[in-house]
Structures are given as structure tokens and as C-alpha cells.
Amino acid sequence: MSLRKRWILVFLATPHEASHDWMDNLSSGKAKILDLSGAFRIKDVDVFSAFYGFAHTAEKSLSKAIYGLAEWYSTDIADASIIAVPGCYPTASLTALKPLMESKLLDPAVRPVINAVSGVSGAGRKASLTTSFFEVSLQAYGVLGHRHTPEIEAYLGTPVIFTPHLGNFKRGILATVTVKLAQGITAEDVNQAFSAAYQSSSIVRLRDCFPKIDDVAHTPFVDVHWKVDETSGYAVITSAIDNVMKGAASQAVQCANLMIGKPSEQGLVA
């Protein structure tokens, strides 16, 4: 009679400080930890302290933490004991940009420009007029200083200009990214890069038109579409996610599946 292997998985949906302070103890045994805070996403402790406002001293746990962008780091995630589940804006932005960066299709002299709009649920449930659904008007915030900027840059491998916006809707993120392509890159090169990156993914959906948030709300999907202007050498990519799902909970489930040897989409896609 065979016995199923048992796993201990701990999901942390805690403030950054709490995850930081608890991680060494929680990860000292057999448990695998999936942390949805930002405490272990950034490896550079000086950058971390500048953007999160406190010193990072959990060096042992930080050295073991693997970034949980499931479509790009599945092998590392499968072997990890600590997962730093990505932020919602970085998930949308990196999904749009990494196929082009990894295929060396971007002009290294021109920073990608990311304009992303999030619903009010991105700020959580705290009572605040600045994030109240009935008080919000579309506005930019965290301009040239949002804490997700170094996270995007670290896992993309190049500086970006990232501008988040708060919109008057409940959930979801729409990220529209403008990039300058390297000399001689064609629309077909871009098409092939996205197809090669995501052709086997059931979570990332390459669409025939620019996506909208209603297409992904309450789902684990990322919808992506792009357009290339070969005359100017620029491309625009849009990605849409549910910030509560692919931007947090369902991506944590993807990582948990990989950690126990299951397909990342198990339990998320019918």
C-alpha cells in the first residue's frame, strides 16, 4: 500500500514587516513558504530599504527566496522552499516585456515605458478616502518612485519608466507598455517571441485584439496583445490581469502546484 507524499505549505498574506520578521523561523523546518508580501522580492537590501522603509536583515531567507513569476521561473520554483510571490503591477508588466527582453528585441538605449491602471482593490480593504470606490477619480500616483519599479527592473534586467494609476473600478490591472525595438526587428520577430514564450501556457492568453479588464476579472488569466510599427521601430503591448487573482492569490497557487510537482494551472483552469 503506497502512501501519498504530504506537503506543508504556508501562505503568508501579511504586511511586509511581518513576513520579514517571521520568515527565518517559518522556513527553518519542512514547510514551504509562499509569501505574498514584498519582503523577499528584491535581493538588493539597500534598494529594499529605500523603497520599503526598513532595513532587511533576514539574509538567510532572502538568499533562498525564489521569485514566483510562474511562467518564467518554473524550474527554480519547483525546487524552492521560499517563494516571493510577485507584485500585481510587476506581473502584468513583466508578462508583457520579458518575451521581448529575453529574445533581445529591445533597443537597450531606450527605457520601456509602462503605464498601468489598477482598481481600488489593489490598495486592500482599509478605510481611506483616497481609495474609496466612490471618491476615486483616475489619477497617477507614485510617479518616478513606486516600490514596484525596482522589482520590475530587477527581473526584466533593464531600467524602466513605470507610472501606476488608480482607477474608479473594483479589481484588475491594465498595463500598456511602449517599447523601442532594436534595429531591424520586424513585427514577425515580435509575434514569434510571444508565441515561443507562451505557446504552452494555459494561463497567458495571446489575444487577437487589445484586452480589457472585464476579460480577466475573477480569473487567473493574463491576456496579452501587441502592435508593431515597423516604420518607427516602436511597439505597444497591453496586458490585463485580475490583481487579486493572477496578481496575488492564483499566482501563489500556481507556485504551490509547481512546488509539489503538479502542473501550475491545476485547480485554476478547467
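Counting neighbouring beta carbons within 10 Å and listing from fewest to most, the residues 88, 209 come out as 209, 88. Counting only residues at least eight positions apart within a chain, or on another chain, the aspartates and glutamates with an alpha carbon under 18 Å from that of residue 104 are 153, 188, 189, 229, 230. In terms of surrounding Cβ atoms within a 10 Å radius of their Cβ, 207, 6, 147, 41 rank from fewest to most as 6, 207, 147, 41.
Taking the Cα centre of the stretch 88-246 as origin and charging only Cβ (+1 Lys, Arg; -1 Asp, Glu), how large is the dipole, in debye to the nearest 20?
On the way: 14 positive and 14 negative charges, 108 e Å.
With Lys and Arg at +1 and Asp and Glu at -1, about 520 debye.
Are there chymotrypsin sites (Phe, Trp or Tyr not before Pro) in the stretch 1-98 that DSSP puts in a loop and that have at most 15 other Cβ atoms within 10 Å, and which ones? Passing both the DSSP loop test and the Cβ count: 7, 54. Would you mind ranking 114, 203 by Cβ crowding within 10 Å, fewest neighbours first? Taking fewest neighbouring Cβ atoms as first place, the list is 203, 114. Remark: the chain carries a charge dipole of roughly 780 debye about the Cα centre, counting +1 on each Lys and Arg Cβ and -1 on each Asp and Glu Cβ.
With 24 Å as the limit, the listed pairs 170/212; 60/262; 43/212 have 60/262; 43/212 beyond it between alpha carbons. Gap in Å between the Cα centre of the stretch 211-270 and the Cα centre of the stretch 8-40? Taking the Cα centre of each part, the stretch 8-40 and the stretch 211-270 sit 24 Å apart. Considering only 29, 13, 40, the residue lying farthest towards the positive end of the dipole of the stretch 1-121 is 29, judged by Cα position with unit charges set on Cβ.
Ordering 159, 225, 88 by Cα displacement along the dipole of the chain toward the positive end leaves 88 in first place; charges were set at the Cβ atoms of Lys, Arg (+1) and Asp, Glu (-1).
If you wrap the Cα atoms of the stretch 88-246 in a convex hull and average its projected area over all directions, you get 9.2 nm². Using only alpha carbons, the chain has a radius of gyration to Kirkwood radius ratio (Rg to Rh) of 0.97. Only helices enter the 222 nm calculation for the chain: every DSSP H run of n ≥ 4 contributes -39,500 (n - 2.57), and dividing by all residues gives -8000 deg cm²/dmol, rounded to 500.
Every number in this text was worked out from the coordinates using simple rules, so none of it is lab data. Because the structure is predicted, anything quoted here is derived from the model rather than measured. In this analysis, Cβ positions are derived from the backbone assuming ideal geometry, glycine residues included, and neighbour counts consider all displayed protein chains.
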